[in-house]
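The values are calculated or read from the model by the stated rules, or taken from the named source; none is laboratory data. Computed from a predicted structure; not experimentally measured. For accessibility, only protein heavy atoms count, side chains too; no ligands or nucleic acids. Shrake-Rupley method; radii C 1.70, N 1.55, O 1.52, S 1.80 Å.
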Amino acid sequence: MDRAEFLQLREAVTNNLPPASGAPLDDAAARLRRRLVSSVMFAQVEVEVTDDPERLLVALVRYRPGTRPRQVSSFLEAVWITELRLSDLDAFHFLVEDGQVELEAVTGDQGAGHFVSLLLVALEGEAQDFEGDRQVVRDADPVAPSPDPVEASGGRKRFWRKS
């Protein structure tokens, strides 16, 4: 979807539903933060909640140097779909430039009675961003990173969800 089409859809969603607030928005921010922090692809993860309906969630991350922007955008799309997308409607748009990937997204649900919007900027990091303490989380209530599923399973990736 091109940016003009995305902007039209975002305007339609934001004009027809109220913005998420309180616990639903804080939960969305926590899920996003947890998912980004737990990935070995990202460092220096920052996620904030705003009052701007066009970007209720704002995130900034550094991705591993040398990672192809297409790979970064594919991962971010999967994060959007699995962690933040609501059931009725969603739209997203990527801007990919050398050393930078931006994701703009919006999702709404009549049943839930609100929408969530996101601006996520991923900048190509430097090697030192991923050395030692690889994750820096800025938030009043940081969420501890989840263990890497590959490392936790002794090098084998699990293909089922533990219930």
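Things to note:
- Sulfur and carbon atoms: percent of accessible area, segment 74-134 [1.4 Å]: 44 percent
- Couplings 3J(HN,Hα) for segment 117-130, derived from phi with the Karplus relation 6.51 cos²θ - 1.76 cosθ + 1.60 (θ = phi - 60°), are 10, 9, 10, 10, 10, 10, 9, 5, x, 10, 3, 5, 5, 10 Hz, where x marks Gly and Pro.
- Overall, the ratio between the Cα radius of gyration of segment 1-56 and 2.2 N^0.38 Å, rounded to two decimals, is 1.36.
- With eigenvalues of the C-alpha gyration tensor scaled by 5 and rooted, segment 1-133, Å: 26, 16, 11
- According to the Kirkwood relation over distinct C-alpha pairs, the hydrodynamic radius of segment 63-111 is 11.7 Å.
- Per-residue 3J(HN,Hα) values for segment 41-56, derived from phi via the Karplus relation 6.51 cos²θ - 1.76 cosθ + 1.60 with θ = phi - 60°, read 6, 10, 9, 6, 7, 10, 9, 9, 9, 10, 9, 7, x, 7, 7, 5 Hz in sequence order (x marks Gly and Pro).
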